[in-house]
1. Would you grab the residues whose amide H sits under 5 Å from the one on residue 71? Only those 5+ places off in sequence or on another chain, please, with H modelled 1.01 Å from N.
2. Given a cut-off of under 8 Å on Cα pairs at least six residues apart, what relative contact order in percent is computed for the chain?
3. For every other residue with a beta carbon closer than 12 angstrom to the beta carbon of residue 732, add +1 if it is Lys or Arg and -1 if Asp or Glu, then tell me the sum.
4. If you take the charge dipole of the chain about its Cα centre, with +1 on Lys and Arg Cβ and -1 on Asp and Glu Cβ, which of 773, 850, 414 is farthest toward its positive end?
5. Between helix 835-844 and the chain, what is the angle of the helix's C-alpha long axis to the longest principal axis, kept within 0 to 90° and rounded to the nearest 10?
6. Relative to the longest principal Cα axis of the chain, at what angle does helix 108-117 sit, 0 to 90 degrees, rounded to 10?
7. Give the peptides 737-746, 263-272, 281-290, 388-397 in descending order of average Cβ contacts within 10 Å, highest first.
8. With every protein chain left in place and a probe of 1.4 Å, what is the accessible surface of residue 799, to the nearest 10 Å²?
Amino acid sequence: MSALAGWMPAQSRAELLAPAGGPRALRAALAAGADAVYFGLERWNARAFAGNFAGDAAVEAVEAAHLWGARAYAALNVLFKDEEVGPAIGALEAPYRAGLDAVIVADLGFAARVREAYPDLPLHASTQLNTHSSVQLGALARLGFSRAILARELSLAEIAGLHRHGLDLEAFVHGALCYSYSGDCLLASMVGGRSGNRGRCSQSCRLRYCLRRASGGDDGARQPTRVMSTESTTSGVMPMHQSPTRVMSTSDLAAIGALPRLLAAGVTSFKVEGRMKDAAYVGVTTAIYREALDAALTDPDGYAVRPEWTELLEQSFSRSFTTAHLEGRHHEVRSGGRGGHRGVLVGRVASVDDARGEVEVRLFRPVAAGDVVYLYTPWGQSEPVRLAEGAERRLRLVVRERVAVKDRLFRLAAADAGALARDLEAGRVALRPFDVRMRLTGVKDEPATLIVEPVGRAAVGGRPPTPASAASGGWERPTTSVTVTSLSPLGAARTASLTEEGARKALGALGGTPYRLAALEFAVPEGLFLSVGELKGLRRRALAALDEQRVAGGYRAAGGRRAAGGYWAVAAGGGPSRGGAVAAASEARLVPSDPGIVLVLRPGERPLPAPGVTELCLDVTVPDSVAAVTAAAEELRSSGRPLRLRLPEILFDADEEWWRALLALPWQGVCARHLGLLAATESALPSEVRLILEYPLQGLNGLAAGVAERLAGRSPDAVVISPETALSELSAVRSAIAAGASREPALEALVFGRQQVLHTRDQLGRAEGIFAPPEGAARVGVALEDTKGYVFLGDVDRTGTRLYNARVTNLAGALDELQAAGVSTFHVVQADLDATERDAFERGGLEALAAFASRERSTTGHLFRGVV
């Protein structure tokens, strides 16, 4: 990579943050010049199948980062079960003592426990918390977070408009994109039991589906589940002849061209995705972004993306690149069916010799010996081949597969990129080395003395400064020089004497270390000799002593951790600890003998006159105007039953006026699924309005209720259990809620309705041209049929797409078990009842729906199986 030759770092406050999915990737990221690295801690992180770190390995990762002048962040960014919280807090102990610079978390209750146990350990809000608005940033600041990792769906203009509330902003700049808003996806969980919220996503969105227009949206309610033929219309699915494609597979983010604009928008940390990718990808990608970020900082106006950057990034890994979200072109985020690494297009087939089994390729780019190439044909991908020789314009290949003229040749791996990757992985190349000065002295018959003195950045130790503190210094302790002596004395030379050139060659061989020899003072008289082995031994022992000194400066003094006596200790807006109230709260539990039913309705729906319905819930989305919601609410209130408002979980800054106007209407309850709503509750909701906490804010443990109370100024009146919570786990959830809240909220559950499994900012079907982009309050129904024949139905509006499970959740047969576990209120989504179910529900209430449970039509979700 010629552009890296002679590269020197620019001084900046911006941080380049690289992934470390294992020790080799960690070394590659550090050698490539990362300002910080992030790694998974044990099994509790969003990449459970990566090479994560635990125990001594986690400590070594922190030490290695500090040795290379980088910060170390541990990811504990999953939703925790109650029994996991304590062990995870304990797992932080060793890396915390070693000087861990921050912990990345996605679980609000767990974050509060970390804040309490390690009050000086910075908290970073994971992208799984889906931070996309100023009011969320304000809430995170109140909870003691120092940084928010922004949602990847934000545009540059939206990022620039955020009120930061004193938080650092971190943004992804390269790597894989989720199709759904992070932390708001249950597709893999509901389909195969592998929860993305637990780091075990199976990437179900990258599988093959048929996409069709469906009834739904403005044409009617969401309809039943399964069709066995593309000609079937009994499910409301309009026939459309097509082969299954990877219709939801996204392109990869490559924001290298947007770095100056991201800097101008206020981003201080630039994150590369890839803890599941190999060390070669990590090293090359980090090296390119190191050079690019420094170029953007040095001359933002003159910044331009260099062709070799793009080519190496494509070569490293690409499903095609995009900046669609950043540019506000959210419907262009998908890759057009590509699910895996594509490589770089280098040529097309010019002729085919079937008799000899050869093809001739006209090259657009030269190829080199050692490159790995393959042909992409209408019949599939050919077997990759490693080239024995390079070529400039024409290349002949022996092929076994069927190939046609104009088929494309891709370079899957480049020999030169592989060489760079191997050098970075081994540490033979350090793109941002620390300078040291050495002084070698000695006299005859005495040991030689080597003094190594760090200069510049190496002259300080401890934990590196954060982007926010870099301008004021930030490093904690100065590092002094180290002195070592040779094991053998200097003797008279018999043949060749020790020279400055020879000493420089032996002492300056610093490959595999973060150091570079800046100067050597040679003060050894002529005619003396010391073996090369002794010189290398001096160098190794001196650098080991220097490493030990620099790493030790990053350790925390004993006593920094505070014992966790209660559940809650947040930065601001806190209240008394609830740890002592557990017994009293447990004794105060009351479960009503007759459970209530909440009927969930969309604006314009009239409630069914079913027995047992005690409350109505108006489920609204951003395209629903204030006038339409007001009119719908007035009509529903005429039934005389309490009415609650269910606001969306995605609310951008542009939506704030809308949702605040809705909160000002008279409601008996409000469902909170967006962190900003909790922060606004104290000022925006009268005390008599019930507050209901719901997924995704309510996770798999019971700690979020206490956090909600600190933000809202009062305890939630009810908590809707997560769709991933098992019946066997409800007791622990309930106990934790009782321990953390001033009064125990009621438990509620969805017992009949189609679970939302995915929410994306893309308008699914728009790019395929199967409908005109919806405007205003218009909605369009779409359907995705998987290879087993199950149909996932979705609603598309101007804000994006909501996709629902192929089978309706039906827990009507488990009402007694749920009530015995403490669930006092059951939710029914009226739109998801088919005609026969509606009739039965009207006549017999919720219990009558138990008869409609079937494997083809319904599911009990995770009630009995849970998630691992």
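1. Distant-sequence amide H within range of residue 71: 36, 37.
2. Answer for the chain is 15 percent.
3. Combined, the nearby Lys, Arg, Asp and Glu give -2.
4. 414
5. Helix 835-844 sits roughly 60 degrees off the main axis of the chain.
6. For 108-117 against the chain, the angle is about 50 degrees.
7. Descending mean neighbour count gives 281-290, 737-746, 263-272, 388-397.
8. Rounded to the nearest 10, that gives 50 Å².
The values are calculated or read from the model by the stated rules, or taken from the named source; none is laboratory data. If you're wondering where the values come from, they're calculated on a predicted model, not measured in any experiment. Virtual Cβ from ideal backbone geometry, glycine too; neighbours counted across all protein chains shown. We work out accessible area using only protein heavy atoms, side chains counted, and drop any ligands, DNA or RNA first. Shrake-Rupley method; radii C 1.70, N 1.55, O 1.52, S 1.80 Å.
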